[in-house]
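Report on the structure given below.
The values are calculated or read from the model by the stated rules, or taken from the named source; none is laboratory data. Just so we're clear, the structure is a prediction, and the values are computed from it rather than from any experiment. With ideal geometry, Cβ positions are generated from the backbone for all residues, glycine too; neighbour counts draw on all protein chains shown.
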Amino acid sequence: MLSTMQDYPLTVRAIFEHGERVYADRRVSTFDGTTIQQTSFAQVAQRARRLAAALVRLGVKPGDRVGTFCWNCQEHLEAYFAVPCIGAVLHTLNLRLFPEQIAYVINHAEDSVIIVDESLVSLLAPILPKLPTVRHLIVVARSQESGVRVQGSGGTQHSALGTHDYETLLSGEKNDFAFGDIDERSAAAMCYTSGTTGNPKGVVYSHRSICLHSMAVISPSSFGLSPLDQSLVIPSMFHANAWGIPHAGWWVGSDLIFPGRYVQAEPLSRLIAMTRPTFAGAVPTIWNDLTRHVEQHGADLSSLRLCISGGSAVPRSLIERMQKLGVRLVQIWGMTETGPLAALSHPPVPCEPGSEADMAWRTKTGRILHGIDLRIVEGETILPWDGAAIGEIEIRGPWVTGSYYKDSAPEKFHDGWLRTGDVGTVDPLGYIQITDRAKDVIKSGGEWVSSVELENHLMAHPDVIEAAVIAVPDDRWDERPLACVVLKNGAATTLQDLRVFLANRVARWWLPERWSVIEEVPKTSVGKFDKKVLRQRFAEGRLDVVVVEK
């Protein structure tokens, strides 16, 4: 009979207390655009315990939801641990949602407390009268003034709302607040999807799922984080647990570097020079902007042993440009519902770093991660892993959600599998190649056209900054691709030049006849290309479309 010792619970408390005890001297840094606020794991742990005590004193009970409306910073990390360690649920609020969506997710989750950065109070204040469940607002003030007053629109305020200054609240508590036992299957955190169609859906992460996801992130076959690392946390802490980096980094004693609101290319390059991180993650748009900045102005990125990129397809051209700067960029894949990591594109062994084969593997969507089970289906038919059969990707695993919070959404689940909405192939080695989102597929004359592949080839052109390809109606072929491109300022490249450029890279019948030059590809709240906006603009006649056939 197995010992019950092996049933020791997998909880956020276990992650927290291990980092607190074993890596007390490791550092947490927060950037304010000019200087860096730096402290130790031990000091962050003490403050997290004081925050926990303050929340309990304010009446927060196990199971209550505590919202955070903050940038990536030390105080957000303190909430990452304090809230779940008292048995409450950390609800990270996406500050880039529309106000009505923010109000919806707060009310749907029934948050009782919100921790908000003072710079974001003006975004939250107008909807405060519409949030009946919120009893307390805790303001993280960057100035010396405390006791911040928060008013709603028209000078009114939620009548039952208590407003507190974060530092003043912590100053009244002791450093040694003791956490109780927690069921590993209870909710630790929740995050709502970005709501690209309909209302955002709530995804709940259990203590167990966070621990298992963190173990996967720490693994050498994924991010390989260790005490030798300084991790730059660019992925938003308000979305999908910042890709698991704060939990995993704390657990193994990696220094954690938070950029605050300064994720633009110029301040980010300065932060990298100041802190010399070894690891970082970001969406492709951020890496693309940083790469252009470094190519134009110069910067030393040599400290970075590994960078990861996800959220949308990573063009080969971006991987190659970063390689020239001495940075190894690896593509990852996942979604809010998968915790989020599900696959990453480390090449198989043997593969010479920097070789053509190495580059080809890294442009794949990713190799399915240990702990995740995957299949591709067409209707009720399960397709083979042969690298050719195209179907929708379905996955399951110990950190993959099986339902949404207060929303059954049966269309998203299939016989115990999560329907990802991504369409693509899987080869015998478990490498995924996504060709489209199910809602973005282009079927021309009964044959598939990959918008993702067209976009990646277009963004390999030196004068193309961004490209998005959508399906539009066609009398003869049912659908044809429309290529929307963002060109560099002053570029002499014509649309005819781009079509010729593509002609050497894709099948002739894939070549778009319809083109549109746009100022910027619309983005979702988490930085993904938002093609539904382009489709809407086309339907309303608000895209200037040019026909180029030869």
*Top-ranked residue of the stretch 330-351 - restricted to ones that are in contact (Cβ under 8 Å) with a residue 24 or more places away in the chain and of a type in the set (A, V, I, L, M, F, W, C), ranked as farthest from Arg396 (Cα to Cα)*: Val330
_Matching residues, the stretch 10-67, being surrounded by 17 or more Cβ atoms within 10 Å (Cβ to Cβ), free of Cβ contacts under 8 Å to residues at least 60 places away in the same chain and of a type in the set (Ser, Thr, Tyr)_ = none
_Condition first: modelled with pLDDT of 90 or more, crowded, with 21+ Cβ neighbours inside 10 Å, among the hydrophobic types (A, V, I, L, M, F, W, C) and in contact with a Phe, Trp or Tyr (Cβ under 7 Å, 6 or more places away or on another chain). Can you find one or more residues in the stretch 170-186 that meet it?_
no
_In the stretch 413-423, residue farthest from the chain's Cα centre (by Cα) [restricted to those that are surrounded by 12 or more Cβ atoms within 10 Å (Cβ to Cβ) and under 12 Å from Ile395 (Cβ atoms)]_ = His414
_Looking at Cys70 and the list (1) of a type outside the set (Gly, Ala, Ser); (2) more than 22 Å from Lys528 (Cα to Cα); (3) buried (at least 23 other Cβ atoms within 10 Å of the Cβ), which single condition is not satisfied?_
(2)
*Set Ile36, Ile15: member being within 26 Å of the chain's Cα centre (by Cα) and within 15 Å of His207 (Cβ to Cβ)*: Ile15
*Looking only at the stretch 91-146, which residues are touching a Cys at 6+ places or on another chain (Cβ under 7 Å), of a type in the set (A, V, I, L, M) and either in contact (Cβ under 8 Å) with a residue 60 or more places away in the chain or more than 27 Å from Gly33 (Cα to Cα) (or both)?*
Val140
_Checking the condition assigned by TED's automatic domain parsing to the domain that holds Ile182 and modelled with pLDDT under 95, which residue from Leu55, Leu2, Leu77, Leu95 passes?_
Leu95
*Check Arg505, Arg480 and return the single one that is touching a residue at least 40 places away in the same chain (Cβ under 8 Å) and either out of contact with any Gly (no Cβ under 7 Å at 6 or more places or on another chain) or among the aromatic types (Phe, Trp, Tyr) (or both).*
Arg505
*Could you check, for the stretch 381-404, whether at least one of its residues is under 21 Å from Val506 (Cα atoms), of a type in the set (Ser, Thr, Tyr) and either out of contact with any helix residue (DSSP H, G or I) (no Cβ under 7 Å at 6 or more places or on another chain) or not assigned by TED's automatic domain parsing to the domain that holds Ala467 (or both)?*
no
*Residue ID - surrounded by the fewest Cβ atoms within 10 Å (Cβ to Cβ), chosen from residues in the stretch 376-402 that are in contact with a Phe, Trp or Tyr (Cβ under 7 Å, 6 or more places away or on another chain) and either part of a strand (DSSP E or B) or of a type in the set (S, T, N, Q) (or both)*: Arg396
_Single condition Ser194 does not satisfy, out of (1) touching a strand residue (DSSP E or B) at 6+ places or on another chain (Cβ under 7 Å); (2) modelled with pLDDT under 95_ = (1)
*under 25 Å from Arg321 (Cβ atoms) and surrounded by fewer than 21 Cβ atoms within 10 Å (Cβ to Cβ), is that true of Ala507?*
no
_Scope the stretch 187-213; condition assigned to a loop (DSSP other than H, G, I, E, B) and touching a Lys or Arg at 6+ places or on another chain (Cβ under 7 Å); matching residues_ = Thr193, Thr196
_Residue among Ile234, Ile245, Ile257, Ile218 that is buried (at least 24 other Cβ atoms within 10 Å of the Cβ), more than 16 Å from the chain's Cα centre (by Cα) and touching a residue at least 12 places away in the same chain (Cβ under 8 Å)_ = Ile257
*Restricting to the stretch 512-540, what's the tally of residues that are modelled with pLDDT of 90 or more, in a loop (DSSP other than H, G, I, E, B) and either within 32 Å of the chain's Cα centre (by Cα) or among the β-branched types (Val, Ile, Thr) (or both)?*
7
_Conditions (1) hydrophobic (A, V, I, L, M, F, W, C); (2) surrounded by fewer than 19 Cβ atoms within 10 Å (Cβ to Cβ); (3) outside the structural domain of Met359 (by TED's automatic domain parsing): number failed by Ala468_ = (2)
_Quick check on my filter: what residues within the stretch 471-495 are among the hydrophobic types (A, V, I, L, M, F, W, C) and either part of a strand (DSSP E or B) or outside the structural domain of Val517 (by TED's automatic domain parsing) (or both)?_
Ala471, Val472, Leu482, Ala483, Cys484, Val485, Val486, Leu487
*How about the stretch 238-257: which of its residues are in contact with a Pro (Cβ under 9 Å, 6 or more places away or on another chain) and modelled with pLDDT of 95 or more?*
Asn241, Ala242, Trp243, Gly244, Ile245, Val252, Gly253, Ser254, Asp255, Leu256, Ile257
*For Val314, which of the numbered conditions (1) at pLDDT below 95; (2) on the phi > 0 side of the Ramachandran plot; (3) under 19 Å from the mean Cα position of the chain (by Cα); (4) not polar (S, T, N, Q) fails to hold?*
(2)
*Mind telling me which of the residues Ile102, Ile106, Ile138 ends up being in a strand (DSSP E or B) and either at pLDDT below 95 or of a type in the set (A, V, I, L, M) (or both)?*
Ile138
*Going by the structure shown, is Arg362 free of Cβ contacts under 8 Å to residues at least 60 places away in the same chain and more than 26 Å from Pro200 (Cα to Cα)?*
yes
